[in-house]
Structures are given as structure tokens and as C-alpha cells.
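> Take this structure, written in C-alpha cells, and hold onto it; I'll ask about it next.
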Amino acid sequence: RHTRTYPSQPPPATAATAAAQIVYTDIIDFTGATGDLAAIDMDADSTGDFLFFANSNTGGNWSWVYAIGNLSAYGYGGPSNQFAGYLGALLPYGSALDSGDLIGPALGFISNATNVGWLASMYSSVTYAPFANAGDKFLGVKFLSGGNLHYGWIRLNCTVAPVTYTLKDYAYEATPNTPIIAGDGVPCATPPDIVSATSLGPTGEKLKWTAESGIDYYQVYY
């Protein structure tokens, strides 16, 4: 079994920043495959808050990725550490959120013995769970830090053939009991260079710049 915990003496490429009340942590993308377990330490207090695990059964007809919020007996998480999700036909599933979705008390959260939720699964060649092969998605979380409840998000990507999960970054709202928007806290890209500027008279200017990938919109200040 391979285990990773983040952040723990983060490498130079790892950065944590606070924008407003949001604490954002970037990590070197970690991809776990069958048998790999990784822990996320949301508030960098040297205690893992959430665990991610990829595995398959001995028959080889079922493979899965799941996340756990409560393995306090082993030093991970606790009863209040939960994922946004729902109960499916057979298993609890973590909700695959999009950028801009609100994470707060209005969401349903998974609560069971270990607060476990399946993120991606394949059984007898049929795909289950909303993260499976869906690209980058956000997992909404809530957890205790300093005795207070905080909301946050974890961005990851899951596949089922083969079964993998890739952890990318995460953030939480530093103000207790305050909702957070999925994707909030991610640093803005470097502003693009202006390629050309054409005057449209005393009250107008036409600007042209090179588009940046992954940008939803631009705000221009003058």
C-alpha cells in the first residue's frame, strides 16, 4: 500500500495562499492507482482530514475509488468530517461539483460509520458514481478545525478503466460555518499582454490580447 499525506513539508512547487478568508493549497498532482491511499490535511495541522483510496476486488470484476472522512481511531478525520453526497441504490456517492457550485449547509453530506463515499466505480463493465471519467470535478467537504466547522473543496479527477484518482488542489473557508464556492481561492492567471490598442475617440479604446487557456472571463480596469 502506498500512502501520501498533503501538505507535509511541501516541495518547492507547492504553494498555499490566503485570498480574503479562503485558504488555498496547491500540490504537485498526485495520481493514485490500485492499492494507493492518500490523505489530505485541509488546515495543515499535521493531521489528515480525508483519505482517498483506489482498489479492486480479488475477482477483478469490481474496481473503485472512495473517500473516507472518519477514521479517527487511526488518526484521520472524525465524525464531523464529511463529503457532499447522497445515497445511491446500493452505496453512498460523493457529489461531483462544478466550479461555481455553492458548498454549505444546504448540501446533503454523507454520514455513516466512517463517512465513506464512493467517487468512481466499475462493476462488471458498468460505470457508476459521478466522478468516473468526468474530468476535473470538485468534492465539497466540511471538517472540524480548532473545534470549529469549516466548509471547503477538493479538486480531483477519477477514472475507472484503469481505476485511478488524481488529487490536484484544495481550499477551505477560514471563517467557521461559512459556505464556500467550488473553485474559490484559486489564484488568477497572469494577466495577458496587450497585443494592440486602438483609440475609438475620447471615450473608447479597443484592446486586443492573447487569450489564456482555462479562463472563464476577464475584467478590465482603467
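The values are calculated or read from the model by the stated rules, or taken from the named source; none is laboratory data. Everything quoted here is computed from the prediction, not taken from an experiment. FYI the Cβ positions are ideal-geometry reconstructions off the backbone, even for glycines, and counts take in every protein chain you see. Just so you know, the surface numbers come from the protein's heavy atoms only, side chains and all, with ligands and any DNA or RNA stripped out. Shrake-Rupley method; radii C 1.70, N 1.55, O 1.52, S 1.80 Å.
> Check off (1) surrounded by 13 or more Cβ atoms within 10 Å (Cβ to Cβ); (2) farther than 30 Å from S56 by Cα for A134 and give me the number that stays unchecked.
(2)
> Right, next: Here are some residues: G69, G78. Which one is surrounded by 20 or more Cβ atoms within 10 Å (Cβ to Cβ), touching a strand residue (DSSP E or B) at 6+ places or on another chain (Cβ under 8 Å) and either farther than 20 Å from G140 by Cβ or not β-branched (V, I, T) (or both)?
G69
This table checks each residue for (1) farther than 15 Å from W118 by Cβ; (2) modelled with pLDDT of 95 or more; (3) touching a Leu at 6+ places or on another chain (Cβ under 7 Å); (4) assigned to a strand (DSSP E or B).
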{"site": "N55", "(1), (2), (3), (4)": "no, no, no, yes"}
{"site": "G59", "(1), (2), (3), (4)": "yes, no, no, no"}
{"site": "S63", "(1), (2), (3), (4)": "no, no, no, yes"}
{"site": "A67", "(1), (2), (3), (4)": "no, yes, yes, yes"}
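> Also: Determine whether segment 113-120 contains at least one residue that is farther than 20 Å from A33 by Cβ, touching a strand residue (DSSP E or B) at 6+ places or on another chain (Cβ under 8 Å), open to solvent by less than 40 Å² (accessible area, probe 1.4 Å) and modelled with pLDDT of 90 or more.
Taking every residue of segment 113-120 in turn, at least one turns out to be farther than 20 Å from A33 by Cβ, touching a strand residue (DSSP E or B) at 6+ places or on another chain (Cβ under 8 Å), open to solvent by less than 40 Å² (accessible area, probe 1.4 Å) and modelled with pLDDT of 90 or more.
> Which condition does V220 not pass, out of (1) closer than 30 Å to G59 by Cα; (2) open to solvent by 20 Å² or more (accessible area, probe 1.4 Å); (3) in contact (Cβ under 8 Å) with a residue 12 or more places away in the chain, if it passes all the others?
(1)
> Then there's this: The conditions are (1) over 18 Å from I22 (Cα atoms); (2) in contact with a His (Cβ under 6 Å, 6 or more places away or on another chain), and Y165 fails exactly one of them. Which is it?
So Y165 meets the others, but not (2).
> Among the residues in segment 44-57, are any of a type in the set (A, V, I, L, M, F, W, C) and surrounded by fewer than 17 Cβ atoms within 10 Å (Cβ to Cβ)?
Checked segment 44-57: at least one residue is of a type in the set (A, V, I, L, M, F, W, C) and surrounded by fewer than 17 Cβ atoms within 10 Å (Cβ to Cβ).
> Strands (runs of 3 or more DSSP E) wholly in segment 137-216 with at least 1 residues that are of a type in the set (S, T, Y) and buried (at least 22 other Cβ atoms within 10 Å of the Cβ) - which ones?
Filter on segment 137-216 gives 148-160, 163-173.
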